[in-house]
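Structure record follows, encoded as structure tokens.
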Amino acid sequence: MPEVRIIAKNFMDMVASMPAMKLDKLYENGFICEAILRSLPPLAKKYVVQMLHIDVPVAAKLLEEWVLPDGVSKHRVAIDRLVQLRVFLEAVDRKNEKTYKVNPTFQRSLQKLLVQGGTLPRESMPSNITVRLPTLENLEAYALQQWECFLLQLISPSQVEKPLNISSSLMKVFQRRILSHRDKEAPKLTESGFQFLLMDTNAQLWYIIREYISNSEERGVEAAELISFMLELSFHVIGEAYSINTLTDFQSNIINDLADLGLVKLQQGRKGSWFIPTKLATNLSMSLSDSSSRKQGFVVVETNFRVYAYSTSKLHCEILRLFSKVEYQLPNLIVGAITKESLYNAFENGITADQIVSFLQQNAHPRVAERVPSVPENVTDQIRLWEADLNRVEMTEAYYYDEFPSRDVFEGACDCAREWNGLLWEDSKKMHMVVKTEVHPYVRDFLRRQK
């Protein structure tokens, strides 16, 4: 069964893939440099700090002496990451030995930030202007609600009561790899789309942001400026209000899009309007593994394969339908069962057993999340066994031969197929055989020569 995986890159992967000139331009912003420093592996951070005030190239051999013998692999990972991000510039000296030097633009910006301190282009608004700001709990609930509404509109627009104001062109960008569009047919989820829905919130966010940035130039937006503004946004304080008037026209348009995704909340007052960053926005400069934003679980799986989801979300119901049979839905409870048929349907759509098990474990209800394991072993084992049942038979395109004129011709054809490693099956009594498609032309030519 073919397996399709979506790689949800983080910002640092995007930054590393940018051209050198754009990357150096990006490093003129001290906050970008700080975000890069935060994202680096611990050993890479140490190298940057140690070499920040060294203006001459340092020999690669000297850097290797800074680590113990058992840290060589970590050293290579750190150096590779620094070179990918152009934080370190690699060169060869007169003795033909490899050297490393901190990128001068990155070096100046980070030195300035550390010595003089950094201030954001905008200050939070005073409390006498912004009244009734949402609490952190309400803000997190708003972000989750907006994100779920966006996902539901992405995969099933008819289920959304209040559609978001996302333009149709931008929605098509997000749907491009998730939905397949055919003439006179309703859009259907692709294999990547099914897998996308089973990702955790942070992985889904990275995927959508990646698509948003990757296609920015098609909308007339410079990708470097977009990355710069979003990383800058990650340094704002959760729950604080920032005036819309401090934004450029370009940034205002981006903020409106991010509000639809739940990264910021927009509010209007008598003396102006402002945006409030949510936890999703402040996590942008972190890696997937570092992000602590995890939604509370809602699924309970019993040993009899029954599934109870304590949720009012239509999105959760649609996700559970991907691999289970939903029997009925109450105002705050979804009841279903994991069956062989429902899982076979999931496997045919490109979802793997590991993805289903991972989803159930990550979304386990708090009452069962503390158990080890949180999902009964007999359930997880059976899910994997049912997947293995489908993988027992491997489909191979082939050609079937019969009615050979003589046994000599039959044996000669078998030998020809064997020479090309393409004989799949033979019945010497009835003189039948099956060969691989790519070997068929050679066997056909052999038979023609025998006539």
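Miscellaneous remarks
- Karplus (6.51, -1.76, 1.60) ³J(HN,Hα), θ = phi - 60°, over region 53-60, in Hz, Gly and Pro reported as x: 10, 9, 9, 10, x, 10, 5, 4
- Summed over all non-identical Cα pairs, the Kirkwood treatment of region 1-149 gives a radius of 18.5 Å.
- Bridgeable lysines around K325 (alpha carbons under 25 Å apart, same-chain partners fewer than 8 residues away excluded): K188, K295, K314, K340.
- The GluC sites (Glu not before Pro) of region 35-95 meeting both criteria, a DSSP state outside H, G, I, E and B (loop) and at most 15 other C-beta atoms within 10 angstrom of the site's C-beta, are E65.
- Amide H within-cut-off set for L424, under 5 Å, with H built and near neighbours excluded: V434, V435, K436
- Counted over all Cα-Cα pairs of region 41-86, pairs farther apart than 17 Å make up 26 percent.
- Computed over neighbours whose Cβ is under 9 Å from that of S342, the net charge equals +2, Lys and Arg +1, Asp and Glu -1.
- Dividing the mean sequence gap of close Cα pairs (under 8 Å, 6+ apart) by how many residues the chain holds gives a relative contact order of 14 percent.
- Extreme residue, positive dipole direction of the chain, given options T190, L120, I356 (C-beta unit charges): L120
- Per the Debye formula on identical point scatterers at the alpha carbon atoms of region 106-233, with no solvent, log10 I(q)/I(0) at q = 0.11, 0.13, 0.16, 0.20 Å⁻¹ is -0.59, -0.78, -1.04, -1.28.
- Within the chain: Cβ-based charge dipole about Cα centre, in debye rounded to nearest 20 (Lys, Arg +1; Asp, Glu -1): 880 debye
- Looking at region 299-396, the trypsin sites (Lys or Arg not before Pro) that sit in a DSSP loop and have at most 13 other Cβ atoms within 10 Å of their own Cβ are R371, R392.
- Extension gain for the segment Q296 to E397, taken as residue separation times 0.36 nm less the Cα-Cα distance, is 31.7 nm to one decimal.
- Sparse-neighbour loop sites [GluC sites (Glu not before Pro); region 114-152; at most 16 other C-beta within 10 Å; DSSP]: E123
- Its Cα gyration tensor gives region 92-157 an equivalent ellipsoid; the semi-axes, largest first and in whole Å, are 45, 26, 9.
- With the simple spin-label model, which puts each label point 7 Å out from Cα in the Cβ direction, the S158 to Q268 separation comes to 3.3 nm.
- Built amide H within the under 5 Å cut-off of K265, gap 5+: I276, T278
- Lysines whose Cα lies under 30 Å from that of K429, excluding same-chain neighbours fewer than 8 positions away: K451
- Point-to-point label distance, N128-R94, nm (Cα→Cβ direction, 7 Å offset): 6.8 nm
- The HN-Hα couplings worked out from phi for region 439-451 by the Karplus form 6.51 cos²θ - 1.76 cosθ + 1.60 (θ = phi - 60°) are 9, 3, x, 5, 5, 4, 5, 4, 5, 5, 5, 7, 6 Hz, whole numbers, x standing for Gly and Pro.
- Taking Cα centre as origin and charging only the Cβ of basic (Lys, Arg, +1) and acidic (Asp, Glu, -1) residues, the dipole magnitude of region 328-429 rounds to 820 debye.
- Qualifying lysines (Cα of each under 27 Å from Cα of K61; at least 8 residues distant if same chain): K45, K46, K74, K95, K98, K101
- Neighbour net charge for S73 - beta-carbon separation under 15 angstrom, K R +1, D E -1: 0
- Charges were assigned to the Cβ only: +1 to each Lys and Arg, -1 to each Asp and Glu. The resulting dipole of region 245-376 about its Cα centre is roughly 500 debye.
- Helix-derived mean residue ellipticity, 222 nm - over the chain, DSSP H n ≥ 4, -39500 (n - 2.57), to 500: -13500 deg cm²/dmol
- Our note on the geometry: Cα centres of region 395-446 and region 200-277, 63 Å apart.
Only the coordinates and a few stated rules stand behind these numbers; no lab work does. As the structure is a prediction and not an experimental result, all values here were calculated from the model. We place every Cβ from the backbone using ideal geometry, glycine too, and count neighbours over all the protein chains shown.
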